[in-house]
Amino acid sequence: MRAGGGESAAIAEGFEARARTLAQLARVEFTNVERVVLDPARPPVVVLARDHAARSFPAVGRTYERGRDDPPPARVSEAVADAYGFSPGMKIEIPLQGEKRAFVVTGTFRDYARQHGAILVDRADYVGLTGVRRVTDGALWLASAADVAAASGALRALPGGERLEITTPGRLRELSLRIFDRSFAVTYAMEAVALLVGLFGLSSSLGAIVLGRRREFGVLRHLGVTRGQIAAMLGAEGALLALLGAAAGLAAGGAISLVLVRVVNRQSFGWGMELHPPYLFLFSLVILLIALACVTAILSGRQAMSIDSVRAVKEDW
């Protein structure tokens, strides 16, 4: 839930207190967004003053336990940590409402929404330092007996609720996945093209090998080797080639993935992500590739199992 009109628009005064009394909601956490300039040479950074900030955004990596004499805690996003060198335990100054306030960095969190970085502080500390109680958006948890439609209707019935933008987590996830799928549509097409090119390359290579080994296959036929045995031999060769190619591709792809996730993604977007290889999908894809390569090898070598390969032996007589 957020106020209509952009990130800086505020929810109507008094809405927060009324929303907390609604029976349809089990829990409500509000956030105030303020843009601050830490370095005039860099873009502004967003300060998120949120209720129960520590439990809202889990820390990534090392954390710092705030001491008794330390200033209020703050967590910085990965983009801020990389750009300004902030690390857990470091004391920093943040200009809030035109005045610099001291905070101690207790950890780093992952923020996918703000490329230039964000700083997370507890809203109680923010209000205590600035006296500003305005809120720009909120996170809502429904009561066990409530549904989305009833809760949305109750929120919109409150003063100022008609200007709210209310979105469910499922809708956000669906929209995000749709954007990602659209962005990687070209990648999926390139994967399909690479697969077809690889199979055509394997087919042409095995076809050329078969043409060069016609006399060898002819001798084998004269020695009593059946077509089925030659087909099995060609299929095994194709499977071994595909297995070797898949192993090389997995090794190279894994290395490129690590570079993209750990380096390029962090530098380009300002946030990192966990690497979760789809082992079952990759195993299934390797099996499929080996099976296709085996079939391709057999089809490419069908001339080796014909009578022409037997007649080719005459060239040596």
statement: Here the residues within the range 14-25 that are exposed (fewer than 13 other Cβ atoms within 10 Å of the Cβ) and not in a helix (DSSP H, G or I) are GLY14, ARG20, THR21, ALA23
task: Inspect all residues belonging to the range 156-170 and state whether any of them is of a type in the set (A, V, I, L, M, F, W, C), crowded, with 16+ Cβ neighbours inside 10 Å, over 27 Å from ALA81 (Cα atoms) and in contact with a Phe, Trp or Tyr (Cβ under 7 Å, 6 or more places away or on another chain).
output: yes
task: Test ALA189 against the criterion of being at pLDDT 80 or above and within 16 Å of ALA242 (Cα to Cα), and give yes or no.
output: no
- prompt: Restricting the first residue to the range 9-29 and requiring it to be over 17 Å from GLU165 (Cα atoms), which pairs with a second residue that is β-branched (Val, Ile, Thr) meet a Cβ separation below 7 Å and a spacing of at least six or different chains?
  reply: ARG20/VAL28
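Yes/no matrix, rows are residues, columns are (1) out of contact with any strand residue (DSSP E or B) (no Cβ under 8 Å at 6 or more places or on another chain); (2) without any contact (Cβ under 8 Å) to a residue 12 or more places away in the chain; (3) over 30 Å from PHE15 (Cα atoms):
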{"site": "VAL148", "(1), (2), (3)": "no, no, no"}
{"site": "ALA157", "(1), (2), (3)": "yes, yes, no"}
{"site": "LEU177", "(1), (2), (3)": "yes, yes, yes"}
{"site": "ARG182", "(1), (2), (3)": "yes, yes, yes"}
{"site": "ALA185", "(1), (2), (3)": "yes, yes, yes"}
{"site": "TYR188", "(1), (2), (3)": "yes, yes, yes"}
{"site": "ALA194", "(1), (2), (3)": "yes, yes, yes"}
{"site": "ALA208", "(1), (2), (3)": "yes, yes, yes"}
task: Go through the range 53-67 and count every residue that is assigned to a loop (DSSP other than H, G, I, E, B) and exposed (fewer than 12 other Cβ atoms within 10 Å of the Cβ).
output: 4
Pair list, Cβ under 9 Å, 6 or more apart: the range 213-229 residue at pLDDT 80 or above, other residue surrounded by 11 or more Cβ atoms within 10 Å (Cβ to Cβ): GLY228/MET305; GLN229/LEU220
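The values are calculated or read from the model by the stated rules, or taken from the named source; none is laboratory data. Treat the numbers as computed from the prediction; the structure is a model and nothing was measured. Note: ideal-geometry Cβ built from the backbone for every residue, glycine included; neighbour counts use all protein chains shown.
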